[in-house]
Amino acid sequence: MNYEELVETRDVRKSNKVKMPFGFFHKRQIDGKYSNFVEFLDELSDNILFAECLKKDCEIAAQISDRHQLHYTPNAEGSDGIYAVAVEPGNYLTVGQLLNEVPSVVAQKGFLENTIKDLMELTIKLNEKEVQQVCFAPSNVFVRKNDYDVRLLLHGSPFYRLGAYDTLYEGIEEYIAPEVLRGEVPTDRSDVYGLGKFIEYLNASSGMPFYLKSVIKKATAEDPEARYATVADFRKALSQRKATFKSAVTSLSAIAIALILVGLFFTLTPDTEMVEFVKPVEEPISEELLDEGFDPSTELGAAADSATIAEAIKEYQMKDSDKIDEKKIREFEAKGEAIFRKQFSKEAERVLSGVYNSRTMNSGQKSFEDASGKAMEELVEKQIELSEHSALPSEKSQRIASEIIEQITERKKAEMSKKGE
C-alpha cells in the first residue's frame with residue numbers, strides 16, 4: 001500500500017459517508033483500491049424519472065471541459081434503476097468537512113479569492129448551457145484535499161422535473177433561492193443567490209469585508225428581479241468594488257503615513273510651541289446652483305439624505321434625454337456633495353479622535369501606527385459607502401475625503417500642541 005492509499009484508508013475509516021443533497025458521498029474499496037461513489041437516497045434510486053434526469057446531468061457534465069467539474073459514471077443495478085454513480089479518481093471532501101477540520105484555511109492566502117473565482121467561472125459555463133447548479137451549500141461543493149482546489153459534482157436544474165427540491169435540499173434551504181423552493185424553474189438569478197449565500201458562509205468566521213456587503217446583499221435579495229441578472233454581472237460587481245476599495249486605500253495611504261509621522265513628532269518632541277490654527281472653510285456650493293430659488297437644503301426636503309439624492313439623480317437620468325436639464329442634475333449633485341461632506345466629516349471626526357488623544361499618542365510608536373492603520377481602513381470603507389449613497393464619482397469623493405481628513409488632522413495637531421505648551 002502506497003502513501004496515498006494509506007492516507008485514503010485513514011480518511012475512509014474516519015468518515016466513511018458524507019451526506020449531500022442527493023445521497024451520500026463515500027469511498028469504496030474495489031480490488032484493493034479506493035474509488036469515489038455517490039450512493040443515492042432510496043426514494044430517488046427507485047424513481048424512474050430520477051434515472052432519466054441523472055443521465056441528462058451526466059451528459060451535461062461530460063460536455064464541461066473544466067477541471068473544476070467532477071465527472072461520473074452511473075451504475076445500474078438490474079432493473080431497479082440507478083442506485084449510485086462512480087466519481088472520477090481523487091481525494092475529495094466537501095467544503096463543510098474542510099472548514100470543520102481546518103477552519104484556519106479561510107485565512108490562507110488566495111483560498112477565498114480562488115475558490116470564489118473558480119466557482120463563478122464554472123457556473124458561468126454551466127449557465128451558458130442553460131444549466132443551473134442551484135445548490136452551493138457547503139455539503140454540495142467539494143475541494144481536492146491536497147490543494148483545496150474547488151470542485152462541483154451533480155447539478156440541480158436537470159432534476160427540476162422531479163418536483164422534489166424541498167426533499168433534496170432539506171436542512172440546507174438557506175442556500176437555495178426562495179423561488180426554487182417554491183417550485184419555480186431555476187434561473188441564472190437562482191445561482192446568483194446560491195453563490196451569494198456560499199460567499200457569506202466562507203466569510204462567516206472572519207467577517208464579510210465591509211466594502212462587499214452591499215454587493216452580497218443585492219445578490220441574495222428575496223426577489224429574483226432585485227438580484228444581478230447573471231453570475232457574470234455578479235462577478236463584475238465584486239471586482240469593481242474590490243478595485244474601488246484598493247483605489248481608495250492608495251489615495252489615502254499618504255495620509256496614513258502622515259498620521260504616523262505626526263505621532264512620532266509628538267512622541268519625540270512633547271514640548272511644542274503653540275500653533276495658531278484657523279479652521280479651513282469647507283468648499284462652498286457654487287452660487288449659480290442657488291439661482292432661481294434652488295436651495296440644496298430644502299429642494300428635496302429638509303430630511304433628505306445622501307441615499308435620497310442618489311435615487312433622485314438616478315430617476316431623473318432615466319427620463320427622456322431630450323428633457324434632461326443639466327443644471328438640475330448639477331443641483332442634485334451639489335446637494336449630494338454637501339451631504340457627503342457633512343456625513344464624512346462627522347465620521348472622520350469620530351475616527352480620528354480615537355487616534356489623536358493622549359492615551360494613544362503616549363502609548364508608543366507601534367500602538368500609534370496600529371491605530372492609524374485601522375483608522376484609515378475604516379475611513380476608506382466609509383468613503384466608499386457614502387460615495388455610493390451620494391452618487392458621487394469615486395475620484396471626487398476620494399479627493400473630498402482627503403481634504404476633510406487633512407483639515408481635521410491639522411486641527412487635531414493644533415489642539416495637541418496647545419495642550420503640550
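A few remarks follow.
- Each Lys and Arg Cβ is given +1 and each Asp and Glu Cβ -1; about its Cα centre, the range 14-161 then shows a dipole of about 480 debye.
- Potential lengthening of the chain between Asn357 and Glu369 amounts to 3.0 nm, from the contour at 0.36 nm per residue minus the alpha-carbon distance.
- Cα gyration tensor, the range 125-173 - rounded (a/c under 1.5), prolate or oblate: oblate
- For the range 92-236, a crude dipole built from +1 on the beta carbon of Lys and Arg and -1 on the beta carbon of Asp and Glu, taken about the Cα centre, is about 400 debye to the nearest 20.
- Sequence of Glu337, Glu378 once ranked by neighbouring C-beta atoms within 10 Å, starting from the fewest: Glu378, Glu337
- Within the range 92-236, the ratio Rg/Rh, alpha carbon atoms throughout and Rh by Kirkwood, equals 0.94.
- Proxy reagent accessibility, fewest Cβ within 10 Å first, across Thr220, Thr123: Thr220, Thr123
- In this simple spin-label model, placing a label point 7 Å from the Cα along the Cα-to-Cβ direction at both Ser205 and Lys129 gives a separation of 3.3 nm.
- Extension gain from Glu52 to Asn91, taking 0.36 nm per residue of separation minus the Cα-Cα distance: 11.2 nm
- Three-way shape label, the range 349-413, alpha-carbon gyration tensor, a/c 1.5: prolate
Coordinate-derived values only; no laboratory data. None of these values were measured; they are calculated from a predicted model. Heads up, the Cβs are rebuilt from the backbone with ideal geometry, glycines too, and the neighbour counts pull from every protein chain shown.
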